[in-house]
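Below is one structure, written out as structure tokens; the observations come after it.
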Amino acid sequence: MSALDIAAAVRSGERSAADVVDEYLARIDARDGELNAFNLVLAEEARAAAAAVDATVAAGDDPGPLAGVPVALKDNMCTRGVATTCSSKILEGWQPPYDATVVERLAAAGAVAVGKTNLDEFAMGSSTENSAFGPTRNPLDVDRVPGGSSGGSAAAVAAGLAAISLGSDTGGSIRQPAAFCGVVGMKPTYGAVSRYGLIAFGSSLDQIGPFSTSVADSAAVLEVIGGHDPLDSTSIDAPTFDLQAVLDRGVEGLRIGILRELSGGPDSVEGITSDVQDRAAAAAAALEAAGASVQEVSVPSATLGLSAYYLVAPAEASSNLSRFDGVRFGLRIDAPTTGEMMTATRTAGFGTEVKRRIMLGTYALSAGYYDAFYGKALKVRTLMLAEFATAYEQVDLLLTPTAPTTAFPLGERTADPMTMYVNDVCTIPSNLTGHPGISVPFGVGDDGMPVGVQLLGPALSEPTIYQAAAVLEEVAP
Amino acid sequence: MTGLHEPTLPAEWELVVGLEVHVELATQTKLFCGCANEFSTEPNTNVCPTCLGLPGSLPVMNETVVDFAMRLGRALGCSIHPSVMARKNYFYPDMAKDFQTTQYDQPTNRDGELALADGTVVGIERAHIEEDAGKTTHVGGGGRINDATYSLVDYNRAGVPLVEIVSHPDIRTVEHAKAYVSELRDILLAIAVSDAKMEEGSMRVDANVSVRPVGSSELRTRCELKNINSIRSLGRAIEYEACRHVDLYESDEAPRQETRHWDEDGGRSTAGRSKEDADDYRYFQEPDLVPLTPTPEQVAAIDGAMPVLPAARRARLGELSAVADDVVATVVERCQDALALGAIEAGADADKVLTRIQNDLAVDDWSAVTGQTLATLVQMESGGELSATQAKQVLADMAAGNHGGDPKSIAEARGFEAMESDALETLIDQLINDNPDEWFRFTSDDEGDRKKMQGFFTGQIMKATKGQADGRAVAELLSRKSAG
Ligand SMILES: [Zn+2]
């Protein structure tokens, strides 16, 4: 049952929110022991929230567009009085005194939070294996990863443990797990959704977005969580999206570009497997058959994205994660002096990948290295913005595979960070440019696991992206 | 008088000083959140997720801070620039996010100057916006972070808006350093962006001190002096530090670049961190804030609303009166020049107004005194209705708001009536009779003697009348009688 179907049933009184929530909680009970998608299940809170929705319906008041819809929240979004861990030991025992803006907006729309989902610690990873609470498994094959870093949120929706979920996408952390788990994952334009209450990884790259089983659900959730927030200075002061209205417009006349450097062809980055290349090509052909024009477009700097990203994101993270020092919240390992306490706390609290990125970022910003590393990465960002702007003069949207491969086996890439990092090669450019991108399932690979196809557009092109995504969804095999 | 030996810089050495002044802006709320900008209250009460640096919190720029900062910049003749905030990364328990949000390579205000009363001009490099840290109290050990048993942190001050004003190393004398700070404070008060109290820490002065042989233009190794809590202390600290450098150079040593802690009680500076083990702050642009892009209209509005600054106000009073410069300076510093101008406009004598204010209105609250009532008071005194002593008492009552601040009602209530001139003349005749030698000297041609004896007779009369006599009437009578 889609989120919109649930909301319609609850709003009309056909079905109680309590009943819906019980059904989902029962499924979590049955399935999550194996999947480990949730860090925390909010059974009691969810039942109370569902009862409130039902009371609103009974009173004849508007319970909101997502009335009774069970939602899972990535555990890097602050929830008032409820543990928020980032899947890290360092936040042990911390309960935020406030809700993230997205959490407030979902609640106001009648959605019911059923739990906090697992992630790679501080959203640093592409497989949800870097979690202090153990890996999440892919519901379609439990010996494979669900992708990451929002693997718990993707797995929860794919397994029907939540109707929708929220993830955060810093370099592909919504789109890649959506592709791996066979669901729809959307990273909106930077600033389209408030980051207030999202525990920062790379502040200039982070963006919250929805997972769902359908494009229409995705549009409905983005309408709710999007829009200006005075608490986030980088939030765009633009009218909220009207997305559901464009879903049946088709792609007649739309110009779709195949991004040559991320296609697997001769000028492309390496590592995109042939079955994934084939699915992406088939998706382009299907859009063409539906009335879009398709052409190849070149964005040479797209190949530099990965290198630039692994300077910008760790640099910002090294600063963002400084506050986890044992002084005010979370874990504290006592030691004779304040300085030693901070060191002991951070040594014990952070996992290996987080420490690696803090060190990378610290180095990239250091005096004498800034220009060669961080400064150069900023130049790549500027170059990419210019080249993508040129590309979007030729086409309305770009199409690429979401990830170079399908979901890989658990443990396969944990030993070598570089093999993990290349997972995000197709998704990273739109984080560096701040542009929106969606991953829509499009068939399966040779291993039978889902393949995701990504549609990218310029800033605030969400309506066009959803318009085309709805067609892709319809024609997908 | 200090009792301590105050070292003096030898004549062949020249002082080179640059000042970094941190000023707390008197906004209602903090720099990046809605918390009250008030930190004398119960610890950790004016705090929120943002100023506590809690995970997930974000800063939002307080527009009033930007306005205040630009106002200060323009008052110092700076040019206003588009700017970005930056992060200065370092670990310290009272720095909630373990980075300070500040302006680094793109400050709002650049290239200004501050003119001192004697015409000396000190260049201003920049005046940038940044946030304050919380306040740490180290308990046990030596009271420093390294050996404390435990530390207490109050985050009420965390996120309080500051402007740091950085001067060029243009200052050559201790007096100029003190005058710079004093003038800056006057400007801050005049443009109403800070209460600028050094003793309370809302204005904090660090001094970069070095010396060089007179005639040289080199810049030698400097030391940064911190913990200077008053203008007087600033003078002592600079003097001490400069002499320390000279001593080192003269014994073939050299100071090393470091931060030093001024010990006011001990009258000396002690070594802090040296530059070699200083942090690498890893500055980069703050991604959570958008660039500040002041428009020409905003700058024009600030210029248009700029009040008359202390230098111009001093000049105005100076033109109207013949009193000494320091009288005018005091009146302007206390922001009592508008009151003085009001009284002068209402017809009172300018010199008398300024002298009366300077001598007798050094109180915190004088809001009950108006130009009109002050003029009345000064005129009553001039007209002989009040003696100087009585006028002083009436003014105190006026400032306290007694009898509606009306000088006539106050004088009446106090029973002040000028002595009848007949009674006064009788008294003077009596005194002349009793003190013939003194009277002879008063009538002599010796100007010094005459002055001295005028003081003698006036004093005797005041003593006899318990201050009730009017000084001017006494002077006139004495003069008339001596003329014959
Ligand atoms: Zn606050």
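The values are calculated or read from the model by the stated rules, or taken from the named source; none is laboratory data. Fair warning: this is a prediction, and the values are worked out from it, not measured in the lab. Every residue, glycine among them, receives a Cβ derived from its backbone with ideal geometry; neighbour counts consider all protein chains shown. These area figures cover heavy atoms from the full protein model, side chains too; ligands, DNA and RNA do not enter into them. Shrake-Rupley method; radii C 1.70, N 1.55, O 1.52, S 1.80 Å.
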In sequence order, what are the phi-derived ³J(HN,Hα) couplings for the stretch B:334-341 according to the Karplus relation 6.51 cos²θ - 1.76 cosθ + 1.60 with θ = phi - 60°, rounded to whole Hz, with x for glycine and proline? 7, 6, 9, 6, 5, 4, 4, 4
Inter-site label distance for B:Ser217 and B:Asp437 at 7 Å from Cα along Cβ, in nm: 6.7
Taking Cα atoms, the helix B:350-360 axis meets the longest principal axis of chain B at an angle in degrees (rounded to 10) of 70
Using only atoms on other chains, find how many Cβ atoms lie within 10 Å of each Cβ of peptide A:89-101 and report the average. 2
Share of carbon and sulfur in the accessible heavy-atom surface of chain B [1.4 Å probe, %]: 49
Among rounded, prolate and oblate, which fits the stretch B:421-483 when a ≥ b ≥ c are the square roots of the eigenvalues of its C-alpha gyration tensor, a/c under 1.5 means rounded, and a/b larger than b/c means prolate? prolate
What number comes out for the charge environment of A:Leu25, summing +1 per Lys or Arg and -1 per Asp or Glu over other residues with Cβ under 12 Å away? -4
Average beta carbon contacts from partner chains per residue of B:90-101, 10 Å cutoff: 4
Kirkwood Rh for the protein assembly as shown from C-alpha pairs, in Å, is 32.9
Provide the buried accessible surface between chains A and B in square angstrom, both chains summed, 1.4 Å probe, rounded to the nearest 100. 2800
³J(HN,Hα) computed for each position of the stretch A:173-183 - Karplus, 6.51 cos²θ - 1.76 cosθ + 1.60, integer Hz, glycine/proline x: 5, 9, 5, 5, x, 4, 4, 5, 9, x, 10
Reachable aspartates and glutamates, given that their alpha-carbon falls under 20 Å from the alpha-carbon of B:Lys408 and they are not under 8 places away in the same chain: B:Glu345, B:Asp349, B:Asp360, B:Glu381, B:Glu385, B:Asp397, B:Glu417, B:Glu420, B:Asp470
Please list the non-local residues whose amide H lies under 5 Å from the amide H of A:Thr402, H modeled 1.01 Å from N, same-chain partners needing a gap of 5 or more. A:Gly452, A:Val453, A:Gln454
Within 10 Å, count the other beta carbons around each residue, average over each peptide in A:339-349, A:357-367, and list them highest first. A:357-367, A:339-349
With charges set only on the Cβ (+1 for Lys and Arg, -1 for Asp and Glu), what does the dipole of the protein assembly as shown come to about its Cα centre, in debye to the nearest 20? 860
Taking the Cα centroid of the stretch B:279-293 and of the stretch A:169-189, what is the distance between the two, rounded to the nearest whole Å? 29
Using a cut-off of 15 Å between beta-carbons, work out the net charge of the residues near A:Leu383 (Lys and Arg +1, Asp and Glu -1, A:Leu383 not included). +1
Which residue, chosen from B:Thr136, B:Gly459, B:Gly123, occupies the Cα position most advanced towards the positive end of the dipole of chain B, where the dipole is computed from +1 (Lys, Arg) and -1 (Asp, Glu) charges on Cβ about the Cα centre? B:Thr136
Using amide H atoms built in the peptide plane, which far-off residues or other-chain residues are under 5 Å from A:Ser263 H to H? A:Val269
Å² of accessible area per residue within chain A, as computed with a 1.4 Å probe and no ligands counted: 32
On Cα atoms only, tilt of B:371-382 relative to the major axis of chain B in degrees: 30
Any chance you could count the Lys pairs in the stretch B:13-303 whose alpha carbons are under 24 Å apart, treating pairs 8 or more apart or on different chains as valid? 18
Cross-link candidates for B:Lys466: which lysines have Cα within less than 19 Å, leaving aside residues fewer than 8 places away along the same chain? B:Lys392
Cα gyration tensor category, rounded, prolate or oblate, for chain B with a/c compared to 1.5: prolate
Roughly how far apart, in whole Å, are the Cα centres of the stretch A:415-469 and the stretch A:194-230? 16
Using DSSP H assignments, which helices in chain A have an axial alpha-carbon span of 27 Å or above and a mean Kyte-Doolittle hydropathy of -1.0 or higher? A:376-394
Taking Cα atoms only, Rg over Rh for the stretch A:307-365 with Rh from the Kirkwood formula is 1.03
Distance between Cα centroids, the stretch B:156-184 to the stretch B:218-268: provide it in whole Å. 17
Once the Cα atoms of helix B:310-320 and of chain B are each reduced to a long axis, what angle between those two axes, in degrees from 0 to 90 to the nearest 10, is obtained? 20
The stretch A:18-100: which GluC sites (Glu not before Pro) are DSSP loop and have at most 14 other beta-carbon atoms within 10 angstrom? none
A:Arg144's amide H: which non-local residues (gap 5+, or another chain) put their own amide H closer than 5 Å, with H modeled 1.01 Å from N in plane and none for Pro or chain starts? A:Asn138, A:Leu410
Those residues of the stretch A:182-209 for which accessible area with every protein chain present is at least 50 Å² below the isolated value (1.4 Å probe): A:Tyr196
If you plug each phi of the stretch B:284-297 into the Karplus form 6.51 cos²θ - 1.76 cosθ + 1.60 with θ = phi - 60°, what whole-Hz ³J(HN,Hα) values come out, in order, with x for Gly and Pro? 7, 4, 5, x, 8, 10, 8, x, 8, 10, x, 8, x, 5
Calculated from DSSP H runs of 4 or more alone, at -39500 (n - 2.57) each and per residue, what is the 222 nm mean residue ellipticity of chain A, nearest 500? -12000 deg cm²/dmol
Can you tally the net charge around A:Phe241? Count Lys and Arg as +1, Asp and Glu as -1, for every other residue whose Cβ sits under 9 Å from the Cβ of A:Phe241. -3
